[in-house]
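**Q** Here you go, one structure.
The values are calculated or read from the model by the stated rules, or taken from the named source; none is laboratory data. Please read these numbers as outputs of a predicted model, since none were measured by experiment. Positions of Cβ are generated from backbone atoms using ideal geometry, with glycine treated the same way; all protein chains shown enter the neighbour counts.
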């Protein structure tokens, strides 16, 4: 059974008038929540809240999700339904973000922290679908990251990896201070590489359809490590 079929089944279980919040609650209450379903719905739902367009979802908006997920043409309707349910829901994006925290757990747990980084990166990819990170989108993303429990340095690291043209401080990219010992920098680089491995991402709930999120991250963290080692060797 495909990821999108399982999502369609989860949506079909909604009673008349229920929103996506009910899906999150059911996943949280399940004996073994299907994290890949939760991850995918969370990215699409929060992406819908971030979208500015009115009316029904367009094909261009669905294409934005292709920056993250592999969506077969026959499954676009299921992705669009999630998008529209979120956009029509009276709940604000902050309520969604808090429901996600209740479903996945605290960001203080290392594995959960990495999952929230994956979620924020997914939202950045959607925000950048038009090639520009708008001020309102950045404020949205910053607030969601705060609700998830990610600190400002972590947010700057994600932003530096993904937003072309912004300051790409290699220390920010690795989430370490400029005066951090080399062993600390090396440990941060190794942890970032490990967290970006497709197997590690799938283990924490990122569906196989979305592991391409790691591609740009790996390029950026390796480049940051090389730049820091070059600077310190000079």
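**Q** Among the residues of segment 44-61, count how many are surrounded by 19 or more Cβ atoms within 10 Å (Cβ to Cβ), within 20 Å of residue 12 (Cβ to Cβ) and modelled with pLDDT under 80.
**A** Of the residues in segment 44-61, 1 are surrounded by 19 or more Cβ atoms within 10 Å (Cβ to Cβ), within 20 Å of residue 12 (Cβ to Cβ) and modelled with pLDDT under 80.
**Q** Read through the list (1) at pLDDT below 80; (2) under 17 Å from the mean Cα position of the chain (by Cα), then give the number of the only condition that residue 97 fails.
**A** (1)
**Q** Would you please name the residue that is modelled with the lowest pLDDT, looking only at residues in segment 69-94 that are surrounded by fewer than 16 Cβ atoms within 10 Å (Cβ to Cβ) and in a loop (DSSP other than H, G, I, E, B)?
**A** Checked segment 69-94; the qualifying residue modelled with the lowest pLDDT is 90.
**Q** Shifting gears a bit: Are there any pairs with C-beta distances below 7 angstrom linking a residue in segment 159-185 that is without any contact (Cβ under 8 Å) to a residue 24 or more places away in the chain and on the phi < 0 side of the Ramachandran plot to a residue that is in a loop (DSSP other than H, G, I, E, B) and surrounded by 16 or more Cβ atoms within 10 Å (Cβ to Cβ), with the two at least 6 apart or on different chains, and if so which?
**A** That search, which allows pairs on different chains as well, returns 184/176.
**Q** Taking segment 130-141 on its own, how many of its residues are in a helix (DSSP H, G or I) and surrounded by fewer than 17 Cβ atoms within 10 Å (Cβ to Cβ)?
**A** Total meeting the criteria: 5.
**Q** Name the single residue that is surrounded by the most Cβ atoms within 10 Å (Cβ to Cβ) among those in segment 14-36 being in contact with a helix residue (DSSP H, G or I) (Cβ under 7 Å, 6 or more places away or on another chain) and over 14 Å from residue 99 (Cα atoms).
**A** 36
**Q** Then there is this: When only residues in segment 175-191 that are surrounded by 15 or more Cβ atoms within 10 Å (Cβ to Cβ) and at pLDDT below 90 count, which is nearest to residue 37 (Cα to Cα)?
**A** 175
**Q** Also, quick follow-up: List pairs: first in segment 197-219 and on the phi > 0 side of the Ramachandran plot and touching a residue at least 60 places away in the same chain (Cβ under 8 Å), second assigned to a helix (DSSP H, G or I) and surrounded by 15 or more Cβ atoms within 10 Å (Cβ to Cβ), Cβ under 7 Å, 6+ apart or cross-chain?
**A** 205/35; 205/36; 205/38; 205/39; 205/115
**Q** If I ask for residues that are more than 19 Å from residue 153 (Cα to Cα) and surrounded by fewer than 21 Cβ atoms within 10 Å (Cβ to Cβ), which ones from segment 104-124 would you list?
**A** The one that is more than 19 Å from residue 153 (Cα to Cα) and surrounded by fewer than 21 Cβ atoms within 10 Å (Cβ to Cβ): 105.
**Q** Among the residues in segment 142-164, are any in a helix (DSSP H, G or I), more than 14 Å from the chain's Cα centre (by Cα), surrounded by 14 or more Cβ atoms within 10 Å (Cβ to Cβ) and at pLDDT 90 or above?
**A** No.
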